[in-house]
Amino acid sequence: MAYHAINEGSNITVYSRSSCESDSKYGTLYNGEVFTFIKEHNGYFGNYEIRFLNSSGGYGIGYINTGQYGNLAYSGTSVTESALGATSCYRFKLRRALNVVSTSGSAHTSLSVGDYVYTRSATAGESNPANMYIIGYKKGSAAVTSYTGFVTLNYSGGSMFATNFCLQKN
């Protein structure tokens, strides 16, 4: 299952080919950088397909074969929200306006800078890996809205969680 991850260790080399041969170096994931872990690549045990902010500013496809990374959800603020069933979840504040979509991918609502999303995991969407599973959101001073769907993350503005990624801990 694909999920949004964060590099928790040293730099990870990204390759353009699934074989991860040294002559196909494509980029680098730095400590604290967010990316999407797609799956282990068939045919190359220990090599993994990812999506990441490439040097052209796009959400590109790459491959890694090492690294220390964790689920992005755990980088959020752990909260217990009664509107979401009073169970523990993770909250993120938006640095950029983002769209919320249904599980089928149709538009649901738009969120503004400063709004919040809530999740229990950072599962990526199957048809759009930039989508991250959510269980609710909060617009401005309104109450938290329970909603099972996805928020479409924006990697183009930056992928460093501490400084310029579209989500921040708060």
Over the chain, what relative contact order in percent results from Cα pairs under 8 Å that are six or more residues apart?
-> 22 percent
Whats the longest run of the chain with zero chymotrypsin sites (Phe, Trp or Tyr not before Pro) that are DSSP loop and have at most 16 other Cβ atoms within 10 Å?
-> 46-170
Residues in region 126-170 near a label at Thr103, defined as backbone nitrogen under 15 Å from the 7 Å Cα→Cβ point?
-> 126-127, 132-136, 147-151
Based on the alpha-carbon gyration tensor of region 40-124, what equivalent-ellipsoid semi-axes (square roots of 5 times the eigenvalues) come out, in whole Å, largest first?
-> 28, 18, 13
Ordering Glu49, Glu40 by how much accessible area each has at a 1.4 Å probe, largest first, what is the list?
-> Glu40, Glu49
Quick one, what does Rg over Rh come out to for region 2-50 if you take C-alpha atoms and the Kirkwood Rh?
-> 0.95
Send over the semi-axes of region 100-170's equivalent ellipsoid, whole angstrom and largest first, taken as the square roots of 5 times the C-alpha gyration tensor eigenvalues.
-> 17, 17, 11
Nearest-20 debye value, the chain charge dipole, Cβ charges on Lys, Arg, Asp, Glu | 500 debye
What ratio of Cα Rg to 2.2 N^0.38 Å holds for region 25-79?
-> 1.23
Percent of accessible area on the chain owned by carbon and sulfur, 1.4 Å probe?
-> 46 percent
With the 1.4 Å probe rolled over protein heavy atoms, the chain has an accessible area per residue in Å² of 46 Å²
Output the direction-averaged projected area (hull surface divided by four) of the convex hull of the alpha-carbon atoms of the chain, in nm².
-> 9.6 nm²
Go through Ser19, Ile38, Tyr116 and say which Cα lies farthest out towards the positive end of the charge dipole of the chain; charges sit on Cβ, +1 for Lys and Arg, -1 for Asp and Glu.
-> Tyr116
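The values are calculated or read from the model by the stated rules, or taken from the named source; none is laboratory data. This is a predicted model, so every value here is computed, not measured. As a convention, Cβ positions derive from the backbone with ideal geometry for all residues, glycine included, and neighbour counts pool all protein chains shown. Please note that ligands, DNA and RNA were not included when accessible areas were found on the heavy atoms of the full protein model with its side chains. Shrake-Rupley method; radii C 1.70, N 1.55, O 1.52, S 1.80 Å.
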